[in-house]
Amino acid sequence: MAHQNKFVFKTKGRDTYEITDRVEQIVASSGVQTGLCNVFIHHTSASLIISENADPTVRVDLETILQRLAPDGDPEYRHNYEGDDDMSGHVRCMLTNDSITIPVTNGRPGLGSWQGVYLYEHRFGSFDRKVTVTVLG
Amino acid sequence: MAHQNKFVFKTKGRDTYEITDRVEQIVASSGVQTGLCNVFIHHTSASLIISENADPTVRVDLETILQRLAPDGDPEYRHNYEGDDDMSGHVRCMLTNDSITIPVTNGRPGLGSWQGVYLYEHRFGSFDRKVTVTVLG
Amino acid sequence: MAHQNKFVFKTKGRDTYEITDRVEQIVASSGVQTGLCNVFIHHTSASLIISENADPTVRVDLETILQRLAPDGDPEYRHNYEGDDDMSGHVRCMLTNDSITIPVTNGRPGLGSWQGVYLYEHRFGSFDRKVTVTVLG
């Protein structure tokens with residue numbers, strides 16, 4: 001049986017926001033002991049990553065690299081209606097994840113010791129980001 | 001119960017091809033109301049992305065960036081049996097998705113308003129690309 | 001019903017290691033005929049890719065590109081506790097996959113003819129990498 005919950009996360013500018021606890025709560029409330037948990041974000045300029053959850057400078061460095069790979073306001077972009085972070089946000093979504101699928105083991109998301117789930121806001125402004133978590137098992 | 005359908009999509013050169021309607025039809029025919037839908041492509045030089053579905057120049061710009069990150073005919077490539085788009089196609093697949101997993105909500109793929117599912121052909125020629133859609137719920 | 005198996009894979013330095021046979025065995029032992037198989041790695045400096053399984057130079061070239069996109073020991077990295085391959089490993093994980101989801105068809109992972117599943121060790125040393133395979137159907 002499928003269990004599905006949605007939540008809205010308000011971001012405050014380009015950054016990574018840990019949502020591991022939200023995912024854990026939904027998995028716990030599903031009652032599923034063994035199965036899969038899918039976290040999906042309904043946007044094309046915010047995405048999801050699993051990242052090291054101990055040292056915050058890891059995520060600073062991920063941002064450094066994404067700025068190189070998907071430059072803001074690149075002169076070659078044709079799509080820039082909403083500013084310098086518009087098209088770069090779409091590229092960053094392509095290079096990261098629209099959804100993350102995690103095993104459920106003993107009623108919990110089976111993440112490694114150093115793995116956290118993060119919502120990555122790629123725009124400079126504040127947005128309400130919709131996330132759906134589906135648990136099957 | 002799992003519902004699975006396959007289709008073949010004929011590409012006509014490097015480009016993005018929207019397949020959202022194919023995915024919607026298979027989800028509808030599965031009868032699943034709440035669950036997950038996985039779209040999988042059986043190739044290593046064509047892949048899948050979720051992208052902004054309103055302005056086509058978004059996908060032009062994604063292509064611009066992929067050409068930088070995975071250059072065609074790069075002099076360092078050792079694998080080039082099938083031409084300049086051979087190895088770049090494999091790199092592009094690594095940087096994008098072999099499969100996309102989407103929540104099913106109210107009998108439909110729960111995509112955001114601006115999200116479309118695209119098959120990304122990375123080769124210059126025309127190919128028959130096999131896709132499998134699996135719906136669980 | 002969900003079937004779940006775990007295994008540990010000992011890596012010997014930065015390289016790609018094929019694990020397709022391990023995935024096939026777990027799918028076969030699950031008895032699932034039609035469904036989905038998710039392969040998840042519990043680490044942030046080793047990841048998973050689907051790659052061309054015929055010519056090994058494909059994976060040499062993927063490595064060439066990842067070294068460009070995620071340089072080892074980049075002077076801009078702030079996180080380098082464990083050496084030059086520490087932060088680059090995290091970036092490589094962001095650009096590749098924490099998990100891979102494959103359709104199960106006729107009791108087997110429905111991979112294309114040229115698709116293999118690889119564990120990608122991004123660190124220079126030898127590590128015990130934990131992988132969980134979940135089969136639903």
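The values are calculated or read from the model by the stated rules, or taken from the named source; none is laboratory data. This one's a predicted model, so the numbers in the text were calculated from it and none came from an experiment. Methodologically, a virtual Cβ is constructed for each residue, glycine included, from the backbone with ideal geometry; neighbour enumeration extends over all protein chains shown.
In the range A:120-137, of all residues being aliphatic (A, V, I, L, M) and within 14 Å of chain C (Cβ to nearest Cβ), the one that is nearest to C:GLY137 (Cα to Cα) corresponds to A:LEU136.
Taken as a whole, the condition of being at pLDDT 95 or above, touching a Phe, Trp or Tyr at 6+ places or on another chain (Cβ under 9 Å) and over 30 Å from A:VAL32 (Cα atoms) applies to C:ASP86. Any residue at all in the range B:10-27 that's within 10 Å of B:ARG129 (Cα to Cα) and among the hydroxyl-bearing types (Ser, Thr, Tyr)? Checked the range B:10-27: at least one residue is within 10 Å of B:ARG129 (Cα to Cα) and among the hydroxyl-bearing types (Ser, Thr, Tyr).
When you scan the range A:73-89, do you find a residue that is in contact (Cβ under 8 Å) with a residue 12 or more places away in the chain and under 14 Å from the mean Cα position of the chain (by Cα), even just one? So far as the range A:73-89 goes, yes, one or more of its residues are in contact (Cβ under 8 Å) with a residue 12 or more places away in the chain and under 14 Å from the mean Cα position of the chain (by Cα). Looking across the range C:17-54 at every residue that is hydroxyl-bearing (Ser, Thr, Tyr) and crowded, with 20+ Cβ neighbours inside 10 Å, the one that is farthest from the chain's Cα centre (by Cα) is identified as C:SER30. Annotation note: Cβ proximity below 8 Å between a residue of the range C:20-33 that is under 10 Å from C:ARG108 (Cα atoms) and a residue that is modelled with pLDDT under 95 (sequence gap 6+ or interchain) occurs for no pair. Take B:ARG123 and tell me if it is in contact (Cβ under 8 Å) with a residue 60 or more places away in the chain, within 19 Å of C:ILE50 (Cβ to Cβ) and assigned to a loop (DSSP other than H, G, I, E, B). In short, yes. Could you say whether any residue in the range C:105-128 is β-branched (Val, Ile, Thr), modelled with pLDDT of 95 or more, within 23 Å of B:CYS93 (Cα to Cα) and surrounded by fewer than 23 Cβ atoms within 10 Å (Cβ to Cβ)? Within the range C:105-128, one or more residues are β-branched (Val, Ile, Thr), modelled with pLDDT of 95 or more, within 23 Å of B:CYS93 (Cα to Cα) and surrounded by fewer than 23 Cβ atoms within 10 Å (Cβ to Cβ). Within the range C:45-102, if we keep just the residues that are acidic (Asp, Glu), more than 14 Å from chain B (Cβ to nearest Cβ) and not in a helix (DSSP H, G or I), the residue that is farthest from A:THR96 (Cα to Cα) turns out to be C:GLU82. Between C:VAL32, C:VAL39, C:VAL58, the distinction of being among the β-branched types (Val, Ile, Thr) and touching an Asp or Glu at 6+ places or on another chain (Cβ under 8 Å) belongs to C:VAL58 only.
One residue is enough: does the range A:76-83 have a residue meeting the conditions at pLDDT 95 or above and closer than 25 Å to A:LEU136 by Cα? No - not one qualifying residue is present in the range A:76-83. Do we have C:ARG59 as basic (Lys, Arg) and either free of Cβ contacts under 8 Å to residues at least 24 places away in the same chain or closer than 29 Å to A:LEU36 by Cα (or both) here? No; evaluated as a whole, the condition is false for this residue. Can you pull out the residues in the range B:105-118 that are facing chain A (nearest Cβ under 8 Å) and part of a strand (DSSP E or B)? Residues satisfying the conditions are B:THR105, B:GLN115.
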